[in-house]
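Read through the structure below, which is laid out as structure tokens, and then see the notes.
The values are calculated or read from the model by the stated rules, or taken from the named source; none is laboratory data. What you see is a predicted model; the values in this text were computed from it and never measured. As a convention, Cβ positions derive from the backbone with ideal geometry for all residues, glycine included, and neighbour counts pool all protein chains shown.
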Amino acid sequence: MRHEFTPSKKICPKSIAFDITDGRISGLSFDGGCPGNLKGIGRLAEGRDALEVAGTLAGITCGNKTLSCPSELSRAIYRAMGRRPPGKPAKAATPRRTGTAGVASAAPARRTGTAGGASAAPARRTGTAGDASAASARSARTASGASAAPT
């Protein structure tokens, strides 16, 4: 059966076409792109198991692009065979956080600052209290030749 695929606009070929008969690739052609390289890919893929070809070509990059003609061929083969490419999980619903009342909300609850609620600005978390002053004391002791470990 003949399959035609329009690849990403980020690669040179405008279309990829091929047949899959009994799980094997035949008649692979690219419209556009680097003729020598694409003819080579076609000859290497001819008669081979489609899933083997797709697995071999998946993830190949072109220069600084994350896609390439071979990786797009891999994607086309998986799509033609009704399979999901490896490393592409099925889309799942995004889990939502629940607020204090158990009602779904898109954002986590905000902290309001002091216990009495006097401050409207959210509280800043800076880690353990005294981290900055402890680091300063350590560097001062180290600079003066004293041991960095407390005695």
Item to check | Single residue of region 49-87 satisfying the filter (within 20 Å of C12 (Cβ to Cβ), touching a strand residue (DSSP E or B) at 6+ places or on another chain (Cβ under 9 Å) and of a type in the set (D, E, K, R)) that is surrounded by the most Cβ atoms within 10 Å (Cβ to Cβ) | outcome: E72
Next on the checklist: For region 70-89, give me the residue count where each residue is part of a loop (DSSP other than H, G, I, E, B) and at pLDDT 55 or above.
Outcome noted: 8
Next on the checklist: Return the residues of region 1-47 that are under 13 Å from S74 (Cα atoms), outside any strand (DSSP E or B) and without any contact (Cβ under 8 Å) to a residue 40 or more places away in the chain; say none if nothing qualifies.
Outcome noted: T6, I41, G42, A45
